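The values are calculated or read from the model by the stated rules, or taken from the named source; none is laboratory data. Source: prediction; values computed, not measured. Heads up, the Cβs are rebuilt from the backbone with ideal geometry, glycines too, and the neighbour counts pull from every protein chain shown.
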Amino acid sequence: MPHDPVDLRSDTVTRPTPAMRTAIAEAVVGDDVFGDDPTVRDLEALAAELTGKEAGLFVPSGSMGNEVAILAHTGRGDEAIVEFDSHIYNYETAGPAVLSGVQLAPIRTEHGIFSISDIDQAIRPDDVHEPVTKLICLENTHNRKGGIVYPLERMHEIRDFAVERRLRMHLDGARIFNASVASGIDVKEYCATCDSVMFCLSKGLGAPIGSMLVGSAEFIRLAHRYRKLLGGGMRQAGIIAAAGLYALRHNIERLAEDHVRARNLAEALSEVRSISIDLETVQTNIIVVDVARSGLTVDQSVLLLEQSGVLVVPFGRTTIRAVTHLDIDDADIERSVSVFKKVFAKS
């Protein structure tokens, strides 16, 4: 029988384990819009505890979590500083403009990491002709930069500067637990630098649905209202919250396995002369492969890999992305290396 494809498109493709399915099936539920779903309440409390924040809010997706945070931190006509390759700027369908009436000020960086000078130059003067700078958004790990971990020291520097300039900070921490496991730094330390944090349950943590937004009690009270505005109020949501609880209780430490496999894959592929990988950026579970030297287009590369049994995604004009996750084992990595070598040896 032919093998199922090795699915490296994203860590969002994971399927619930049997133990997680049991937790889902046995979940005690209520109506979360009325605030009486005990499993959702438990998940929100655990998310707040793990991140060192006062309160948490369960949202259907990471994009909604980011957009709710921007709504809660800003007003119409304000401006938020973001990194040019950030998820908020590239992959949320112009949400800040459409939902918040907020303009984004994107800053280009080498590895997705702001300098204080970058931010200082982006802050608007007090001028009636210009929007008011209100918010700085960071991303950790940084997806389009290859899963790079944001240095904690720099986050503290940005936080001190933000306080001085009376700016708020939001962290798109979709993969913040990957950053924590890779660096050995407690998630609470990263989250302490920002007023609000979003993290995903449905990526490396392996839950099928959902993300968390955490912050102060007052921030979450306001965010709750905006979640309702965006249609994010859910009823017997404990069924999916149970998967998130299981993920936070059982799937954090195992992220290290994904990181090892990503590194092994990246190092093996770096030996293929017709493609290139910046190994410095392979710090967690994301590998960005540049196919420019192969003579193949991105679409051709993706198609040929798929036809040989490995799924990846286009990630730029000359790049593709592969992501390791809990449904990938060592045999899948070996098979992927073989397929990549086969496809790109022909180019």
### Message
Would you confirm whether or not the range 220-230 contains a residue that is in contact (Cβ under 8 Å) with a residue 24 or more places away in the chain, more than 15 Å from Thr17 (Cβ to Cβ), in contact with a Ser or Thr (Cβ under 7 Å, 6 or more places away or on another chain) and crowded, with 22+ Cβ neighbours inside 10 Å?
### Response
no
### Message
Given the options Ser294, Ser276, name the one that is farther than 30 Å from Ile24 by Cβ and either in the same structural domain as Val40 (by TED's automatic domain parsing) or touching a helix residue (DSSP H, G or I) at 6+ places or on another chain (Cβ under 6 Å) (or both).
### Response
Ser294
### Query
Does Leu213 satisfy being at pLDDT 95 or above, of a type in the set (A, V, I, L, M), in a helix (DSSP H, G or I) and crowded, with 16+ Cβ neighbours inside 10 Å?
no
### Summary
Glu67 fails exactly one of (1) among the acidic types (Asp, Glu); (2) within 25 Å of Asp118 (Cα to Cα); (3) touching a Phe, Trp or Tyr at 6+ places or on another chain (Cβ under 7 Å), namely (3)
#### Entry: Matching option when the condition is more than 29 Å from Asp37 (Cβ to Cβ) and either acidic (Asp, Glu) or surrounded by 24 or more Cβ atoms within 10 Å (Cβ to Cβ) (or both), among Asp160, Asp172
Asp160
### Message
Just to check your reading of the model, which residue among Asp42, Asp37, Asp31, Asp85 is touching a residue at least 24 places away in the same chain (Cβ under 8 Å), farther than 27 Å from Leu229 by Cβ and among the acidic types (Asp, Glu)?
### Response
Asp85
### Query
Looking at (1) farther than 19 Å from Asn143 by Cα; (2) charged (D, E, K, R); (3) at pLDDT below 95; (4) assigned by TED's automatic domain parsing to the domain that holds Pro208, which is the only condition Asp4 fails?
(4)
### Message
Quick check on the range 257-284: of everything there that is of a type in the set (Gly, Ala, Ser) and touching a Lys or Arg at 6+ places or on another chain (Cβ under 7 Å), which residue is farthest from Phe344 (Cα to Cα)?
### Response
Ser276
## Note on the structure
Only unsatisfied item for Ile88, checking (1) outside any helix (DSSP H, G or I); (2) within 22 Å of the chain's Cα centre (by Cα); (3) of a type in the set (A, V, I, L, M, F, W, C), is (1)
## Note on the structure
Within the range 1-54, residues among the acidic types (Asp, Glu) and either surrounded by 13 or more Cβ atoms within 10 Å (Cβ to Cβ) or under 30 Å from Glu189 (Cβ atoms) (or both) come out as Asp7, Asp11, Asp31, Asp32, Asp37, Asp42, Glu44, Glu49, Glu54
### Message
When you check Glu139 against the structure, is it touching a residue at least 40 places away in the same chain (Cβ under 8 Å), within 30 Å of Arg9 (Cβ to Cβ) and in contact with a Cys (Cβ under 9 Å, 6 or more places away or on another chain), yes or no?
### Response
no
### Message
Condition (residue is at pLDDT below 95 and not in a helix (DSSP H, G or I)) applied to the range 37-53: is it met by at least one residue?
### Response
no
### Query
If a residue has to be farther than 10 Å from Leu8 by Cβ and touching a helix residue (DSSP H, G or I) at 6+ places or on another chain (Cβ under 9 Å) to count, how many in the range 301-326 make the cut?
12
### Summary
Turns out the strands (runs of 3 or more DSSP E) fully within the range 100-199 with at least 3 residues that are of a type in the set (A, V, I, L, M) and on the phi < 0 side of the Ramachandran plot are 103-107, 132-139
### Query
Restricting to the range 265-286, what's the tally of residues that are buried (at least 17 other Cβ atoms within 10 Å of the Cβ) and in a helix (DSSP H, G or I)?
5
#### Entry: Complete set of residues in the range 94-144 that are closer than 18 Å to Ser63 by Cβ and either basic (Lys, Arg) or at pLDDT below 95 (or both)
Arg144
## Note on the structure
Being within 22 Å of Pro208 (Cβ to Cβ) and not assigned by TED's automatic domain parsing to the domain that holds Ser86 narrows Thr319, Thr324 down to just Thr324
### Message
Being in the same structural domain as Met64 (by TED's automatic domain parsing), buried (at least 23 other Cβ atoms within 10 Å of the Cβ), at pLDDT 95 or above and not in a helix (DSSP H, G or I): is that true of Ala207 here?
### Response
yes
### Query
Inside the range 56-77, can you point out the residues that are more than 16 Å from Gly244 (Cβ to Cβ), surrounded by fewer than 24 Cβ atoms within 10 Å (Cβ to Cβ) and either among the small types (Gly, Ala, Ser) or in contact (Cβ under 8 Å) with a residue 60 or more places away in the chain (or both)?
Ser63, Leu71, Thr74, Gly75, Gly77
